[in-house]
Amino acid sequence: MTERDDAARGRVVVGVDGSDSSIQALTWALEVATVGGRTIHVVTAWPDPGEVFIHEVPGHFCEPRARAVLAQHEAVDAALARVVHRPAAINLEVANARPVEAMLALARRGDLLVVGAPRPTTLPRHRDGVGETCSLLAPCPVVVVEPTATPVG
């Protein structure tokens, strides 16, 4: 498959961190991609929010990256178990970046960016900044998937 073929069908970029909401977003995106003949691009950023930001050193084991890879694979397996059909292609990327930066970088080459909804909170300062920031800055449409969302058509 060429880059041009991939772009012609469309790309759905999904941010996954292993949380239930990101698995729900990935499940939603898988169903949408299958119906539309699109490819899925799963991106997982590391290190985790709250951890000290470190850069990967080639040739050296990096625990935060290993956790991100494991979380991504487990999330993909969980989401695939929930869908009937699979899209033509699922591309995985683990990015040494903050979540918003990682998703926006891939969204430049995407037709749709999908993120999971934040956990409900009553604290206004603790709302999810990832979905909101992506909605404001992404060059493509953004879908923030609620926990009970089902794809439309």
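The values are calculated or read from the model by the stated rules, or taken from the named source; none is laboratory data. Just so it is clear, the structure is predicted and the values come from calculations on it, not from any experiment. Methodologically, a virtual Cβ is constructed for each residue, glycine included, from the backbone with ideal geometry; neighbour enumeration extends over all protein chains shown.
Checked against the criterion of being at pLDDT 95 or above, touching a Ser or Thr at 6+ places or on another chain (Cβ under 7 Å), farther than 25 Å from His55 by Cα and aliphatic (A, V, I, L, M), the candidates Ala79, Ala89, Ala117 yield just one match: Ala79. The condition (being small (Gly, Ala, Ser), surrounded by 12 or more Cβ atoms within 10 Å (Cβ to Cβ), more than 23 Å from Glu31 (Cβ to Cβ) and modelled with pLDDT under 90) is satisfied by just one residue among Gly50, Gly59, Gly129, Gly110: Gly129. Just to be sure before I move on: is Val13 surrounded by 20 or more Cβ atoms within 10 Å (Cβ to Cβ) and at pLDDT 75 or above in the structure I sent? So Val13 passes the test. Applying the selection to the stretch 76-111, what residues are over 17 Å from Val144 (Cα atoms) and assigned to a helix (DSSP H, G or I)? Once the filter is applied, which keeps residues that are over 17 Å from Val144 (Cα atoms) and assigned to a helix (DSSP H, G or I), the stretch 76-111 yields Val76, Asp77, Ala78, Leu80, Ala81, Arg82, Ala105. Residues that are in a helix (DSSP H, G or I), of a type outside the set (Ser, Thr, Tyr) and surrounded by fewer than 24 Cβ atoms within 10 Å (Cβ to Cβ) within the stretch 29-45 comprise Glu31, Val32, Val35, Gly36, listed in sequence order. Scanning the stretch 46-75 for residues that are assigned to a loop (DSSP other than H, G, I, E, B) and of a type in the set (D, E, K, R) yields Asp48, Glu51, Glu56.
Pairing residues of the stretch 49-64 that are farther than 22 Å from Ser19 by Cβ with residues that are in a loop (DSSP other than H, G, I, E, B), at Cβ distances under 7 Å and at least 6 apart in sequence or on separate chains, gives Glu56/Cys62.
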